[in-house]
Amino acid sequence: MHITRPHGWEIPEHKVTPEAAVLGRRGLVAGAAALAAGHALAASPPAAAPGAVGPVNARYKPGRALTAEKVAETYNNYYEIDDSKDIWQGAQQIRTAPWSIQVSGMVSKPRTIALEDLFKQVQFEERIYRHRCVEAWAMTVPWTGFPLRQLVKICDPLAAAKYMVFQTAEQPKNMPGLDSPIYPWPYIEGLAIDEVANDLAFVSTGLFGKPLPKQNGGPIRLTVPWKYGFKSAKALVRISFTDKQPVNFWQAIAPTEYGFWANVNPAVPHPRWSQAQERLIGTSEIVPTVIYNGYGDFVASLYANRSKDKLFM
Ligand code: MTE
């Protein structure tokens, strides 16, 4: 007899009581000491994302209806533009061509890769992933791109490298949010070297079968679906490898609220709100949140020997 084990993401149909309004993160920086870090990295010029879509990867079933395309592309977080959700128009001034990514740190050979050269070396596919923001909203969308480990292979890190660090574009003329001195620009994120090798870790260059919209991180972003959305850095311009755990953007701003690992867990509340449920944007549905955003079958083993770390903030 064929028995199918329900996956973590197969959430029961019943609806649950909506949680109290979730606070935005704007509040926390209001009183925070100004983190005036002067970052002088020049804005990298931009590019066209590929037309290539590739086959849908059937391994990762979404288990939910797709979010409406218009909703996914008009309700965004992109603090380089501003701290509202309504940044999609403002994001259109970001220059995305030509675009290249600098590779540095613990690698066999530091270099700069033009996006069009990168695209010749990877195999594109489509993945329908659930995306869960730390603010307790969620969406389900089809990303086009390639597994992060293909990019890691191209970067050729040294055996002693323990972390991969991702840095987002800074285009002061096109990103008004960079004027805000309370944020420690540039936007930095990091993953451990075994996380980047996991098949779920993805580099997105398209959304809904078209090049990745600027507001969603075009031309190229990280997509890490088992972690809170802030780990999925947009508009990547620099990648480096290191043996020291990096401090990410939100961790630098509020270390008591955001950590390095940031794996989704309904049982570990944010200090200012519950993570037990999530709101599906574009609908009135509130559903229970699932540990590792429902991807535990694929990623839980990464954390078996890290139980002393703060894995869920
Ligand atoms: N990347 C950059 N560079 N700047 C940001 O403000 N916000 C993060 C993440 N990546 C952010 C970022 C957060 S909090 C979330 S939830 C997702 O992007 C939102 O992605 P989306 O707008 O495509 O839904």
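The values are calculated or read from the model by the stated rules, or taken from the named source; none is laboratory data. Given the structure is predicted, the values throughout are model-derived calculations rather than measurements. For neighbour counting, all protein chains shown are included, and Cβ atoms are generated from backbone atoms with ideal geometry for every residue, glycine included. These accessible areas exclude ligands, DNA and RNA; they are computed on the full protein's heavy atoms, side chains included. Shrake-Rupley method; radii C 1.70, N 1.55, O 1.52, S 1.80 Å.
Couple of notes before you dig in:
- Which listed residue is over 16 Å from S104 (Cβ atoms) and open to solvent by 10 Å² or more (accessible area, probe 1.4 Å), from P172, P147: P172
- When each of D243, D297, D199 is tested for being more than 23 Å from P62 (Cβ to Cβ) and more than 11 Å from the ligand (Cβ to nearest atom), the lone residue that passes is D243.
- Among residues of the range 274-286, those that are open to solvent by less than 20 Å² (accessible area, probe 1.4 Å) and out of contact with any strand residue (DSSP E or B) (no Cβ under 6 Å at 6 or more places or on another chain), counted: 1
- So E116, is it open to solvent by less than 30 Å² (accessible area, probe 1.4 Å) and of a type in the set (D, E): no
- Being hydrophobic (A, V, I, L, M, F, W, C) and within 14 Å of the ligand (Cβ to nearest atom) is a property that L191 has.
- Annotation note: Cβ proximity below 6 Å between a residue of the range 162-188 that is within 13 Å of the ligand (Cβ to nearest atom) and a residue that is of a type in the set (K, R) and open to solvent by 30 Å² or more (accessible area, probe 1.4 Å) (sequence gap 6+ or interchain) occurs for Q167/R238.
- In this entry, K234 passes the filter for residues that are under 11 Å from the mean Cα position of the chain (by Cα) and either more than 24 Å from P62 (Cβ to Cβ) or within 15 Å of the ligand (Cβ to nearest atom) (or both).
- In the range 103-118 there is no residue matching the filter, namely being within 13 Å of the ligand (Cβ to nearest atom) and among the aliphatic types (A, V, I, L, M).
- Boolean, W88 is within 11 Å of the ligand (Cβ to nearest atom), at pLDDT 95 or above and open to solvent by 70 Å² or more (accessible area, probe 1.4 Å): yes
- Screening E278, E257 for residues that are among the charged types (D, E, K, R) and not in a strand (DSSP E or B) leaves exactly one candidate, E257.
- Elements of type strands (runs of 3 or more DSSP E) in the range 67-137, at least 3 residues being farther than 22 Å from M164 by Cα and touching a strand residue (DSSP E or B) at 6+ places or on another chain (Cβ under 7 Å): 125-132
- Residue check, D309 surrounded by fewer than 22 Cβ atoms within 10 Å (Cβ to Cβ) and touching a His at 6+ places or on another chain (Cβ under 7 Å): no
- Count - residues of the range 180-204 that are within 14 Å of T168 (Cβ to Cβ), of a type in the set (D, E, K, R) and open to solvent by 10 Å² or more (accessible area, probe 1.4 Å): 0
- Boolean, E135 is in contact with a Pro (Cβ under 7 Å, 6 or more places away or on another chain), crowded, with 19+ Cβ neighbours inside 10 Å, over 18 Å from R59 (Cβ atoms) and modelled with pLDDT of 95 or more: no
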